[in-house]
Amino acid sequence: METADYKRIRELMVETQLIPRGIKDVRVLNAMRKVPRHLFVPEYIRHSAYDDMALPIGEDQTISQPYMVAIMTELLELKGDESVLEIGTGSGYQAAVLAELAGEVYTIERIPELADRAQRKLEEIGYDNVHVVVSDGTKGLEESAPFDRIIITAAAPKLPEPLINQLKEGGIVVAPVGERFSQMLIKGRKEKGVLVEEYHTACVFVPLVGEYGWKG
Ligand code: SAH
């Protein structure tokens, strides 16, 4: 398929999967129109890259459904110059969407093979404001903290304490929190040192595995 065809399919994705479900932030919609999602999925499923579902990316992990990427990004209320921490790089697709909308993106992945692949892909496409780090993201990234925004793209039993500490006053964290196989999307805003939380949609993510997440 040609680049122009993918562009048309992305427009269709925006018009059939995102706008009807309530995604309104024009900057988010434009980022979803722009980022080449098909380059972040394995070649054998490239034809399904823009389908309304999560897809396998190897190592038992998944790239989230386009709608889930869009709603999580919209909830972050990005204006353009924020410093964002993502836990769970996976394919690197969410990081690319964030890179279109924020200043600097720090993204942590615990599986080195996925981190390597994502880093190479992001470089190849030309995202020079994304920094991929291999480590246990539940501990955050002290050396680059504090962050304006934090997004966890794996299912957390609860919000990891170190991440809340590394969030700026007035900052926003978005994460799926709950049971191992079903979660609620939570948005928390740090106000006077405490997190004020809102609950959004039900969702299912692969587990956040680490010191402040699920055990192995
Ligand atoms: N945002 C990704 C999808 C994430 S899937 C994308 O756009 O493709 C969840 C990812 O979180 C997986 O790659 C998994 O390995 C990773 N992960 C799970 N626990 C983690 C931890 N403690 N630290 C960093 N990454 C973690």
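The values are calculated or read from the model by the stated rules, or taken from the named source; none is laboratory data. The structure presented is a predicted model; accordingly, all values stated were derived computationally and were not measured. Note: ideal-geometry Cβ built from the backbone for every residue, glycine included; neighbour counts use all protein chains shown. Note: areas computed on protein heavy atoms with side chains; ligands, DNA, RNA excluded. Shrake-Rupley method; radii C 1.70, N 1.55, O 1.52, S 1.80 Å.
Charges at C-beta only: +1 for Lys and Arg, -1 for Asp and Glu. How large is the resulting dipole of the chain about its Cα centre, in Debye rounded to 20?
Numbers: 25 positive and 34 negative charges, 93 e Å.
With Lys and Arg at +1 and Asp and Glu at -1, about 440 debye.
Using a 10 angstrom cutoff on alpha carbons, build the Gaussian network for the chain and name the most mobile of ILE172, ILE23, ILE152.
Maximum among the listed residues: ILE23.
Within 10 Å of each candidate Cβ there may be at most 13 other Cβ atoms; applying that plus a DSSP loop requirement, which trypsin sites (Lys or Arg not before Pro) in region 7-68 survive?
ARG21, LYS24
Which angle from 0 to 90°, rounded to the nearest 10, does the C-alpha axis of helix 3-13 make with the longest principal axis of the chain?
In the chain, helix 3-13 runs at an angle near 60 degrees to the longest axis.
Tell me what the chain gives for mean residue ellipticity at 222 nm when only DSSP H runs of n ≥ 4 count, each as -39,500 (n - 2.57), the sum divided by the residue total, rounded to 500 deg cm²/dmol. Let's see the in-between values first.
Values: 6 runs with 58 residues, N = 216.
Dividing the helical sum by the residues of the chain leaves -8000 deg cm²/dmol.
Between Rg and the Kirkwood Rh of region 94-160, both from Cα atoms, what is the Rg to Rh ratio?
Here the Rg-to-Rh quotient is 0.94.
No solvent, one uniform scatterer per C-alpha: report log10 I(q)/I(0) for region 32-155 via the Debye equation at q = 0.23 1/Å, two decimals.
Debye output, listed in q order: -1.55.
Remind me, relative contact order of region 4-203 in percent, using alpha carbon pairs under 8 angstrom and six or more residues apart?
Relative CO of region 4-203 lands at 14 percent.
Percent antiparallel among DSSP beta bridges with both residues in the chain, to the nearest 5?
That works out to approximately 45 percent antiparallel.
Tell me which trypsin sites (Lys or Arg not before Pro) from region 129-216 have a DSSP coil assignment and no more than 10 other beta carbons within 10 Å of their own.
LYS192, LYS215
Given a 1.4 angstrom probe, what's the average accessible area per residue across the chain, in square angstrom?
Normalised by residue count, the accessible surface of the chain is 46 Å².
Find the eigenvalues of the gyration tensor of the Cα atoms of the chain, then list the square roots of 5 times those eigenvalues as equivalent ellipsoid semi-axes, largest first, in whole angstrom.
So the three semi-axes of the chain are 25, 19, 17 Å.
Could you tell me what percent of the accessible area of region 1-146 is made up of carbon and sulfur, with a 1.4 Å probe and every protein chain present?
The value for region 1-146 is 49 percent carbon and sulfur by accessible area.
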